1. At a 10 Å Cβ-Cβ cut-off, how would you order A:Ser86, B:Ser161, B:Ser146, fewest neighbours first?
2. Determine the relative contact order of chain A: mean sequence separation of Cα pairs under 8 Å and six or more apart, normalised by residue count, in whole percent.
3. Give me the aspartates and glutamates in straight-line cross-link reach of B:Lys157: C-alpha distance below 18 Å, same-chain residues under 8 apart excluded.
4. Given 20 °C and 1.002 mPa s, compute D for the range A:56-249 with the Stokes-Einstein relation, Rh being the Kirkwood radius over Cα pairs; round to the nearest whole µm²/s.
5. How are the C-alpha pair distances of chain B spread across 5 Å bins, as whole percents from the shortest bin up?
6. I'd like the distance separating the alpha-carbon centroids of the range B:157-188 and the range A:56-76, in whole Å.
7. Counting only other chains, and only Cβ atoms inside 10 Å, what mean value do you get across the residues of B:195-202?
8. For A:Asp205, enumerate residues with amide H under 5 Å from its amide H, sequence gap 5+ or separate chain, H modeled in the peptide plane.
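Bear in mind that the values in this text are calculations on the coordinates, not laboratory data. Given the structure is predicted, the values throughout are model-derived calculations rather than measurements. Counting neighbours? That spans all protein chains shown, and the Cβs are built from the backbone with ideal geometry, glycine included.
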Amino acid sequence: MYKLILAMRYLLKRRITYFAVLAVALCVFIVVIVMTVMTGLVRDFKQKNHDFAGDCIVGSESLVGFAYYEDFVKELEQNQFIEGVSEVIKSYALLSPQGRDVSRGVEIIGIDPVRHSRATGFGRTLYYRKNNVEKAFAPSYDPNLLGCVLGIDLALDRHADSGYSYYDSPVRLGLAITCFPLTARGALAGAATAPVNTKTFYYSDHSHSGLARVDDSVVYLPFDQAQALCGMAGATKRINAIHVKFKGGVELQAGCDRIRRLWQEFKADKSGESQAYLLDTVTVQSWKVYRRTLIAAMEKEQTMMGVMFGFVGIVTVFIVLVVFYMLISHKSKDIGVLRSIGASKVDIIELFAGFAFMVGGLGALVGVLGGWQFLLKINKIEDWLFENFGYQVWDRTMFAIGDIPNEVSPKVLAAIVVAAIAACLIGALVPSWQAIRLKPTETLQVNQL
Amino acid sequence: MSKDNLILQAKGLEKSYKMGATRVEVLKGVNLDVQKGEFVAIIGASGSGKSTLLHILGALDRPDKGTVCFEGRDLNRMFAGTKIRTWISWTLMFGLLSKILRTGAKELHGDINEFRNKMVGFVFQFYHLLDELNVLENTTLPAMASRSIFGWFGARKWANSRAEELLNQFALGERIKHKPYQLSGGERQRVAIARALMNEPRLLLADEPTGNLDSATGSGILDVLEKLNEAGQTIVMVTHDDRIARRAGRVITLADGRING
């Protein structure tokens with residue numbers, strides 16, 4: 001009991017321990033904020049990529065694409081574990097606004113908007129046709145025109161405060177899309193006569209995926225139009241990818257493995273066909289693998305932040321060690337007294353471990369509460385800084401993020417609290433060990449007073 | 001001197017300290033017997049080894065050579081038993097095996113910490129009260145030290161009542177909530193005596209208990225010790241002052257590391 005009482009009194013009565021508590025609180029405060037924001041950014045980024053790609057992608061990196069997809073799509077749709085399937089054309093094109101003598105390179109994605117919305121989060125990214133996805137390619141100003149959905153950064157100007165200038169309805173804007181149609185062998189389809197296909201589409205909606213590269217360079221076109229533009233609508237039709245969504249409860253890897261097996265069987269069935277060689281370029285990937293180059297960079301950044309804050313933890317250990325060293329130096333007489341009344345070495349270690357636990361626990365509590373409060377107001381603080389000083393943590397003209405993520409994860413909080421207490425216990429270990437090595441007679445000498 | 005009545009027996013105690021490059025021999029073969037109920041004063045000049053002897057008798061220190069037996073039990077064996085128990089605690093930490101081995105070592109050798117807690121009470125020249133605790137808490141400290149948190153809750157009533165009884169006996173009943181810095185020197189020393197007596201030890205060891213007090217206050221402390229001795233308490237006191245030593249029942253002079261006479 002005396003250990004608990006003494007640890008409590010050391011905590012409350014010794015001013016130096018306030019510094020240890022403060023050091024722990026500050027470290028916890030910083031780590032809570034950074035980890036929450038970083039974890040939130042990575043989680044959001046992954047979710048956006050997941051929404052963009054669906055669960056599983058059967059596709060080819062080649063612009064030529066692959067044939068016989070209709071049969072495979074039918075086969076997929078017969079499976080109970082699949083929620084939605086979307087055939088996709090992917091290629092590159094030149095985009096030229098009508099009446100202007102400029103063009104820029106874009107990525108075109110040809111889709112059936114309803115089917116694609118079942119397989120991915122496409123429908124939720126629309127602005128005007130969010131609740132009317134089947135009319136995504138029908139411009140509201142003239143539904144008979146051929147529509148296209150632009151990445152939001154192609155359609156609207158982004159402000160520094162992460163907002164856009166929206167209009168009540170899309171402006172009438174014609175866009176000439178020029179593609180290079182390819183044969184199944186990869187040659188230009190009309191090399192001798194017309195090497196390019198050009199068609200005009202009208203801006204019908206924009207898609208805000210939250211992924212900078214997608215929002216800044218993708219143009220969604222009606223599936224059959226994109227197929228024709230890319231030279232894939234011949235006698236043997238081709239596509240570039242099939243995006244698949246699993247039903248709820250289907251584990252990602254297990255679902256992908258099943259599709260992989262189905263694909264292998266399908267490929268074997270088609271081995272005698274004339275364009276069977278195109279099927280060799282097709283891979284079956286989960287969305288995580290499909291978007292790995294982007295996600296891996298973000299995860300690497302998160303890991304680096306984790307390592308950096310590991311160093312912050314080491315600094316905490318050092319601060320606690322110094323404070324404990326000073327405190328135990330002042331308390332050597334107490335150790336001698338306690339030993340003289342029968343306290344064992346284990347008791348002395350327990351006393352200082354209990355004290356370290358309290359310092360760590362209190363510091364972590366203060367840091368967590370402070371960090372939590374700060375996170376609740378982080379976006380208001382950023383807005384205030386931007387309005388008054390023009391400062392933003394992330395320049396929204398460069399980074400495709402809205403609000404700073406501030407959703408506190410109980411798991412992350414628990415891990416930080418445990419780490420803070422562990423850091424304090426480690427910091428207290430060396431001075432405590434020194435304390436028990438002191439002979440009671442040495443600490444009770446007159447010159448020790 | 002009856003052997004059955006012997007509480008403490010020291011034989012051939014030797015102790016030296018390293019001071020810089022030289023080794024100073026403090027005790028050079030000290031033999032001492034203390035009977036139950038005796039009030040023994042050990043007198044000697046400063047640096048004669050009085051405090052060292054007292055610390056060895058109370059198991060706060062170990063001799064280089066020689067033995068101390070308390071009621072026939074060798075303190076060296078207790079030190080060895082405690083070392084084994086501590087080692088088991090560090091290496092096995094938890095579990096039934098650890099408990100069995102520690103209990104076995106305790107049964108076999110005894111435990112030096114338990115000895116310090118229950119058998120002896122120390123009174124120091126500079127009181128050595130803990131600044132963070134009040135008078136009552138300082139007094140009950142030995143009772144707390146020998147119990148777990150749960151054990152303490154069971155014994156708290158008894159311990160507080162015993163401490164209050166002792167403090168009332170030493171005219172400190174009004175001061176139980178005071179902190180050591182709020183007390184006079186004499187009051188602090190009386191609290192230190194109360195703490196030493198908390199677990200009703202068989203032996204009270206006092207190291208210059210009046211050394212830091214004026215003569216009137218010091219005399220008051222000696223009155224307290226005399227009364228305790230009259231009630232049957234065995235006391236060994238160290239002092240450098242002849243007049244104080246004369247208040248004891250027997251005076252032993254320590255000079256040049258040996259007991260004279």
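1. Numbers: A:Ser86 24, B:Ser161 10, B:Ser146 18.
Ordered by Cβ neighbours within 10 Å, fewest first: B:Ser161, B:Ser146, A:Ser86.
2. On the way: 764 pairs, mean separation 123.3, N = 449.
Worked out over chain A, it gives 27 percent.
3. Result set, ordered by chain and number: B:Glu137, B:Glu165, B:Glu200.
4. Working: Rh = 17.3 Å.
D, rounded to a whole number, is 124 µm²/s.
5. P(r) for chain B, in whole percents per bin: 1, 6, 12, 16, 17, 16, 14, 10, 6, 2, 0, 0.
6. If we compute the Cα centre of each part, the gap is 90 Å.
7. Mean shielding count: 1.
8. The answer is A:Cys148, A:Leu150.
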